[in-house]
1. Using beta carbons and a limit of 9 Å, which pairs, at least six apart or on different chains, have the first residue in segment 1-24 and touching a residue at least 40 places away in the same chain (Cβ under 8 Å) and among the hydrophobic types (A, V, I, L, M, F, W, C) and the second one assigned to a helix (DSSP H, G or I) and surrounded by 13 or more Cβ atoms within 10 Å (Cβ to Cβ)?
2. Can you name the number of the only condition in (1) loosely packed, with under 11 Cβ neighbours inside 10 Å; (2) modelled with pLDDT under 80 that residue 73 fails?
3. Does residue 19 fit the bill of being at negative phi and either among the basic types (Lys, Arg) or loosely packed, with under 11 Cβ neighbours inside 10 Å (or both)?
Amino acid sequence: MPQKQIRRVVVLILGWALIALGVVGLFLPVLQGVLFLFLGLYVLSRESKTAHAWLEKLRARHPAMDARLHRWRDRFRRHKEEDKDGADE
């Protein structure tokens, strides 16, 4: 199986798992349902135009959660770049 197909399968599994946690989280007070829905749609939006459209609707409806997601994404990217820089030395 080519690397691209493996990556696509992993992205789809991860995205749908996060969405499932989000749906469960809507009913359980322990989990942040909307957050997991955001994360799942964010992951899936790279592979699906439908998921991307849903993500845009969710962003418009919950701007505070969107801001939190952007902060986490930026933090993750910074951390990833720091790890990459450290590995080069």
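The values are calculated or read from the model by the stated rules, or taken from the named source; none is laboratory data. Remember, it's a predicted structure, so these values are computed and weren't measured experimentally. Every residue, glycine among them, receives a Cβ derived from its backbone with ideal geometry; neighbour counts consider all protein chains shown.
1. none
2. Of (1) loosely packed, with under 11 Cβ neighbours inside 10 Å; (2) modelled with pLDDT under 80, only one is false for residue 73: (1).
3. Working: at negative phi: yes; either among the basic types (Lys, Arg) or loosely packed, with under 11 Cβ neighbours inside 10 Å (or both): no.
Criteria not met by residue 19.
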